[in-house]
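Everything on this sheet refers to the single structure shown next.
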Amino acid sequence: MVTVTRRGYIGLPVERTDAIEKAQGKAQYVDDLRRPDMWYGAVVRSPVSHGFIEGLDRDPDFDWSRVVLVTPEDIPGRNVVESLVHDMPFLASQEVRYRGEPVALVAAPTREAARAAAAAVKPRIRAAPSLTVPDDVVRIYKEGGELEYLWRQDIRKGDIERGFREAEIVVEREYRTGYAEQLYLEPQGMIAVPQEDGGVLIEGSMQCPYYVHPELCALLNLPPEKVRVRQTVVGGAFGGKEDFPSLIAGYCALLALKSGRAVKMVFDREEDILFTTKRHPSWVRHRTGLTRDGRITGWQVDFLLIGGAYATLSPVVLARGIIHATIGYRCDNVLIEGRVVRTHMPPSGAFRGFGAPQAFWALESHVDELAEACGMRPDEFRLRNAYRGGDTMATGQKVPEEYGGPAVLRKALEQSRFEARFAHCSRGSTLTDRWYGIGLAYFCHGAGFTGDGEARIKARAAVELAGGGEGGPLVVIRASSTEMGQGAQTVLRQIVAEALGVPIESVSYPLPDTALVPDSGPTVASRTTMVVGAVLYDAAVAMKKALEGFVSQQFFDGADCVLEEAVFRSGSGQAVDFERAVQDYLRTAERQQRFEAVFSLPPGSQWDQENFRGDAYPDYSWACYVAEVEVERATLAIRPIRVTAVLDIGRVVNPVLAEGQVEGGLVQGLGYAMMEKVGVRDGLFEADRLQTYIVPGVLDIPEIRITFLEFPYRYSGPGAKGLGELPLNGVAPAIGNALKHAVGRRIHDLPLTPEKLFRAIEERLVEQ
Amino acid sequence: MNTESAGEKGLGHGWIRRTWVVNGEEVSLSVPPLRRVLDILREELGLTGTKEGCGEGECGTCTILVDDRPVCSCLLVAAQVPDGSRILTIEGLSAMEEGRILEAAYVEAGAVQCGFCIPGMLMASYALLRRNGKPTDAEIREAIAGNICRCTGYVKIVEAIRLAAERIGRAPAGK
């Protein structure tokens, strides 16, 4: 069900711009592109998890005549990924810190030849001790052993000692999650083309052209104008193409500049799973003080993420994780201690939710346990403790008088008939062969970059007037936000068309090219529709005003006019067509063609990055999921039967696309909850292919009921908040809670598998 | 159309010659016997609409029809496909009435996001509809059970196939 307000194009289920080309197989993904005289690249990787490089041997029997080899000495600029913490080299030159870490690169005329050449380069490495298995990390941490931290951050509110002095009940539990793979269907890939001026053109699959651009300038020692980065059609990303593309772009560029040819590198599935980023495994301990009547007096959270070999994006993943660790519930005394542990595995990175899914797995499982501890139903406990207007979050951010949280919670409970169905949960009864359970999760997602992120980025985006003609566009969007399947290209066009008062067909949004677009910030953090949409709306309003002023002078003798539905009309009824006005306007070259705007935070926003105090996000999207599951008693097969989803994402710009985001995120979350599992063996991810890394197929999905409630973002024209990540955040705890009420036992670590259920039930039998 | 493998002249050592009907057109090629049909389509014939998702027959992204049966072209090598076989790819389906109806239904239902799985999904949808014009929801799900989509959660893909089935059923020349 969709109940959204419509205002012109905002709220209209416009069909996607890019859908037909994709459906016809005509859309060009990076591996569909060829460039003249193009070679293929491959990576030479470390065979050990940790060690020191003593040299690289080249197999003397291999034919090296048509191979280009790049080693760290060939790097013209800085051999470091600048990202946030400058700790990761493009190519390891002394110490290798994970198995598979790149140590050299090769290019050859064919894919096969490149792979054979890479295999013929043997790094000589003196092996050193390594730490790779997440369970070992947790054991060492709990024993107080020595670990290296990539990052630490705490959040403090009130007086934690007092919080526990006032408590009548204390509940302490641990929750865990493992690695997870984004599994975008299109693997990572790039092409680098050397340019005549000594520069390089990069084309490929990426979320953030302006992450790649500065990295390459530094790596290649080139000025900004000599590096050009162009996005190709992206076949899914989910965070996996946030920071990693900088590496593969760097590899292609180094090979292209050394060989003087275009070089393409596209990973096969195994290489992609083994050596690109995963979701951080987590271990979270909640210790919570309560009064008997269910008030939370004190809340202490230990939040541990496994970061892998280098920091990369971990500081921000941790930030989002700890900010969401207790979010949604009133408590005056909070202490959250966050840490990212260094290990000898590939760097953990961005994956839809970015720390929040780990936080909510722990939080929403724990809140169910808190309810039980004080004899309340899970819904009662949540309604009693949900923020009210004027409350403060753990960071001190003030909750607005009206916000979407309580509304989505109540609506989901009502639609799912939670109370009545909760009474019918099987709770492991031996009187039935099929157990039934219902459970809920109440959650949110901070929309936009975390903390000082948006203030630092100062997202810019522009709209430009174009000549039209031959059915060409009259207005072109210039932004670095990428279409990766989520619908940005369509939704941002809707926003601009709405702000201008022209048909959406007049507005085009080509794939970003750093030579043409300003830095709108990365396409991450559920920020595109909310933040870049707000900026484009303002830019389009400025364009509209300029055009109205022009038409008023040029056509209406100075009488005011308004542009609506592609026609300028004056008060006295005179009318001029949009296309004609634009063409007239452009006849004089000095008139302003490009209208740019910058994002500004809500008035009075404050953030203290050192102490994590203040307004962590410009706004929050809220949701409640109610999941119903059945468990076959004989086999312990778990089947999710229905999910009732109620979400507040602010103004819904395109209801069909929004539903698609919820359905997709929900099913991806279902994989995280029940199926997707990556172990570690000998320093490698154990599930390295689709036969062993199992993601949901169409037969695994439950009935999904979606409702949107709109509590718009008050500080932008479109009023949209974040959507992309929210739908994944709450799936696992909703299913986990439903499973608990079906079976009578709680599983504290993901994924929720029949094997774990079997062990949990065995434990109960032993206890009895 | 006569095509030979990239960069080589004539029949390489141990290569085989094959004549297939690809998207209605007769194609003769000289290829290594173990060359994957997926690579032949994409690299030799320039039919890049067929995508590679996993390379081991798990994701269905590279689905094509060989003599009307849906198969993963990453698991099929040249030697396995006899002369005279009829191969249909997304480029061929696009040129057919049923293909246009299916594409339009996918677009309207909002079933396309990143789009990488969609050509394979459409091939599997077409394979279903040509043998079963009025599929139930369970039959639709069964037909695409071998195709992974990581974006949509499948809801709108099932809707799209349902919609296309109704329309093809109504189309005068449709099967």
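The values are calculated or read from the model by the stated rules, or taken from the named source; none is laboratory data. In this text the structure is predicted, and so the values were computed from the model without any measurement. Virtual Cβ from ideal backbone geometry, glycine too; neighbours counted across all protein chains shown. In case anyone asks, the SASA skips ligands and DNA or RNA and just uses the protein heavy atoms, side chains included. Shrake-Rupley method; radii C 1.70, N 1.55, O 1.52, S 1.80 Å.
Observations on the structure shown:
- A:THR326 fulfils the conditions (1) under 30 Å from A:GLY660 (Cβ atoms); (2) β-branched (Val, Ile, Thr); (3) outside any strand (DSSP E or B); (4) touching a helix residue (DSSP H, G or I) at 6+ places or on another chain (Cβ under 9 Å) except for a single criterion, (1).
- Search result, residues across the range A:703-722 that are open to solvent by 30 Å² or more (accessible area, probe 1.4 Å) and either in a loop (DSSP other than H, G, I, E, B) or out of contact with any strand residue (DSSP E or B) (no Cβ under 6 Å at 6 or more places or on another chain) (or both): A:LEU709, A:GLU710, A:PHE711, A:PRO712, A:ARG714, A:TYR715
- All positions within the range A:641-661 that are of a type in the set (A, V, I, L, M) and facing chain B (nearest Cβ under 8 Å): A:VAL656, A:LEU657
- Boolean, A:THR529 is modelled with pLDDT of 95 or more and assigned to a loop (DSSP other than H, G, I, E, B): no
- In the range A:388-433, residue farthest from A:PRO602 (Cα to Cα) [restricted to those that are in a loop (DSSP other than H, G, I, E, B) and among the basic types (Lys, Arg)]: A:ARG427
- Criterion: at pLDDT 95 or above, closer than 19 Å to A:LEU255 by Cα and more than 14 Å from chain B (Cβ to nearest Cβ) - qualifying residue of A:GLU73, A:GLU54, A:GLU95: A:GLU73
- Within the range A:558-565, one or more residues are in contact with a Gly (Cβ under 7 Å, 6 or more places away or on another chain), among the acidic types (Asp, Glu) and assigned to a loop (DSSP other than H, G, I, E, B).
- Subset of the range B:13-58 (residues that are among the β-branched types (Val, Ile, Thr) and part of a loop (DSSP other than H, G, I, E, B)): B:THR48, B:THR50
- Residues of the range B:43-69 that turn out to be under 12 Å from the mean Cα position of the chain (by Cα), under 22 Å from A:LEU183 (Cβ atoms) and of a type outside the set (Val, Ile, Thr), as a count: 5
- Hits in the range A:746-768 (condition: part of a loop (DSSP other than H, G, I, E, B) and under 30 Å from the mean Cα position of the chain (by Cα)): A:ARG746, A:ILE747, A:HIS748, A:LEU750, A:PRO751, A:LEU752, A:THR753
- Apart from one condition, A:ASP688 fits all of (1) open to solvent by 10 Å² or more (accessible area, probe 1.4 Å); (2) outside any loop (DSSP other than H, G, I, E, B); (3) in contact (Cβ under 8 Å) with a residue 60 or more places away in the chain; the exception is (2).
- Any hit, the range A:638-647, residues being modelled with pLDDT of 95 or more and under 20 Å from A:VAL524 (Cβ atoms): yes
- Take the conditions (1) in contact with a helix residue (DSSP H, G or I) (Cβ under 9 Å, 6 or more places away or on another chain); (2) in the same structural domain as A:TYR40 (by TED's automatic domain parsing); (3) open to solvent by 20 Å² or more (accessible area, probe 1.4 Å); A:ARG173 misses just one of them, which is (2).
- A:VAL535 vs. criteria under 32 Å from the mean Cα position of the chain (by Cα) and open to solvent by less than 40 Å² (accessible area, probe 1.4 Å): yes
- Exactly one residue out of A:THR528, A:THR514 is out of contact with any Lys or Arg (no Cβ under 7 Å at 6 or more places or on another chain) and closer than 27 Å to A:VAL317 by Cα, and it is A:THR528.
- Selection from the range B:149-170 of residues that are open to solvent by 20 Å² or more (accessible area, probe 1.4 Å) and either facing chain A (nearest Cβ under 10 Å) or hydroxyl-bearing (Ser, Thr, Tyr) (or both): B:VAL155
- The single condition among (1) touching a residue at least 60 places away in the same chain (Cβ under 8 Å); (2) surrounded by fewer than 24 Cβ atoms within 10 Å (Cβ to Cβ) that A:GLU186 does not satisfy is (2).
- The set of residues from the range B:36-53 being open to solvent by 10 Å² or more (accessible area, probe 1.4 Å) and at the interface with chain A (Cβ under 7 Å from one of its Cβ atoms) comprises just one member, B:THR48.
- Options A:PHE354, A:PHE381; residue that is hydrophobic (A, V, I, L, M, F, W, C), more than 20 Å from A:ALA673 (Cα to Cα) and crowded, with 21+ Cβ neighbours inside 10 Å: A:PHE381
- Residue in the range A:278-297 that is out of contact with any helix residue (DSSP H, G or I) (no Cβ under 8 Å at 6 or more places or on another chain) and within 14 Å of chain B (Cβ to nearest Cβ) present: no
- A:ASP61 open to solvent by 50 Å² or more (accessible area, probe 1.4 Å), away from every other protein chain (no Cβ under 14 Å) and part of a loop (DSSP other than H, G, I, E, B): yes
- From B:ILE140, B:ILE118, residue being more than 16 Å from the chain's Cα centre (by Cα) and outside the structural domain of B:VAL37 (by TED's automatic domain parsing): B:ILE140
- The range A:41-57 - residue that is over 30 Å from the mean Cα position of the chain (by Cα) and within 24 Å of A:ASP268 (Cα to Cα) and, of those, surrounded by the most Cβ atoms within 10 Å (Cβ to Cβ): A:VAL48
- Complete set of residues in the range B:68-96 that are part of a helix (DSSP H, G or I) and within 14 Å of chain A (Cβ to nearest Cβ): B:ILE90, B:GLU91, B:GLY92, B:LEU93, B:SER94
- Being open to solvent by 10 Å² or more (accessible area, probe 1.4 Å) and assigned by TED's automatic domain parsing to the domain that holds A:ILE248 is not true of A:PRO209.
- Qualifying residues in the range B:119-139 (those that are free of Cβ contacts under 8 Å to residues at least 40 places away in the same chain and either outside any helix (DSSP H, G or I) or more than 27 Å from B:LEU47 (Cα to Cα) (or both)) - the one farthest from the other protein chains (Cβ to nearest Cβ): B:LYS134
- Among (1) charged (D, E, K, R); (2) in a loop (DSSP other than H, G, I, E, B); (3) in contact with a strand residue (DSSP E or B) (Cβ under 7 Å, 6 or more places away or on another chain), the one test that A:GLU54 misses: (2)
- Matching option when the condition is touching a residue at least 24 places away in the same chain (Cβ under 8 Å) and touching a Ser or Thr at 6+ places or on another chain (Cβ under 6 Å), among A:ALA180, A:ALA167, A:ALA127: A:ALA167
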